[in-house]
């Protein structure tokens, strides 16, 4: 009979998914607080975008681990808890955060050669580059999405 190492792959995948979730929750909480406290740089919003893009990619890869769903369900030992559904809800909330930023980040509309590029910096007459600042009101929808995401993780 061959050595059974495949459960270790599932264990590592589940452990990574949980570790990423806890890290993501803390990240979302701190960035939500910064946005709620006042004005933030467009760079902070782009950090959130990049973090969530990476999370979504990792969780997609993890969800492709053979047998991860039944394994995770067995580890929880709670018949009333649907690991797959909760994982999907968390991932979908992360996708909503990413999509909100993509939809609401200012983009150039003209000329044709630059349409779609981010419009978050201004070149001043003296050569200084100023990055856009977003107010708490401007980040309200994103903060609502972050709140939803945070609520998917315990």
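Each value in this text was obtained by applying a stated rule to the coordinates, not by laboratory testing. These numbers come from a predicted model, not from an experiment. Positions of Cβ are backbone-derived with ideal geometry, glycine not excepted, and every protein chain shown enters the neighbour counts.
Here the alpha carbons of region 61-154 define both size measures, Rg and Dmax, at 20.2, 65 Å.
Remark on region 79-134: hydrodynamic radius 14.5 angstrom, per the Kirkwood mean of 1/r across alpha carbon pairs. Over the chain, dividing the summed -39,500 (n - 2.57) contributions of all DSSP H runs of at least 4 residues by the number of residues returns a 222 nm mean residue ellipticity of -21500 deg cm²/dmol. Based on Cα contacts under 8 Å between residues 6+ apart, region 1-122 shows a relative contact order of 25 percent. Take every Cα-Cα distance within region 1-99, group them into 10 Å bins from 0 onward, and report for each bin the whole-number percent of pairs it holds. Computed distribution, short to long bins: 14, 41, 27, 14, 4, 1, 0. Listed from fewest to most Cβ neighbours within 10 Å, the set 98, 117 follows the order 117, 98. Note on residue 9 and residue 76: with the Förster distance fixed at 22 Å, the Cβ-Cβ geometry gives a FRET efficiency of about 0.75.
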